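A short worksheet on the structure shown next.
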Amino acid sequence: MNTMTENEKKLLQAKHRLEEAQMRDRKKERNARTRRLIQEGAVLEKVLPEVRTMEPSVLEDYLIQKLPQHD
């Protein structure tokens with residue numbers, strides 16, 4: 001017979017609640033990162049309007065040339 005005991009059911013429910021909480025945390029982190037990247041991109045465009053038309057690789061090269069290197 002494949003019936004679960006009450007303790008097994010509770011353990012499985014607790015595992016699922018933990019997984020759901022972890023998924024919510026990951027989504028919250030992704031949303032925060034997305035918001036931060038959008039805000040930083042907006043600041044970059046405001047300060048350097050010419051970057052609006054640049055491809056990402058060109059923008060990266062441009063910034064590498066313009067900014068001091070940090071080691």
**Complete:** With N residues in the chain, Rg(alpha-carbon) / (2.2 N^0.38 Å) equals 2.10
**Request:** Could I have the simple spin-label model distance between R33 and V47, label points 7 Å from Cα toward Cβ, reported in nm to one decimal?
**Result:** 2.3 nm
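When every alpha-carbon pair in the stretch 1-42 is counted, what percent end up more than 17 Å apart?
54 percent
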**Item:** Spin-label model distance (nm) - M4 vs R17, 7 Å beyond Cα toward Cβ
**Value:** 1.4 nm
**Prompt:** Which value, in Å² and to the nearest 10, is the accessible area of M23 when all protein chains are kept and the probe is 1.4 Å?
**Reply:** 110 Å²
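The values are calculated or read from the model by the stated rules, or taken from the named source; none is laboratory data. It should be emphasised that the depicted structure is a prediction, and the values quoted were computed from it without experimental measurement. Please note: Cβ atoms are built from the backbone with ideal geometry, for glycine as well, and neighbour counts cover all protein chains shown. Note: accessible area is taken over every heavy atom of the protein model, side chains too, but ligands, DNA and RNA are not part of it. Shrake-Rupley method; radii C 1.70, N 1.55, O 1.52, S 1.80 Å.
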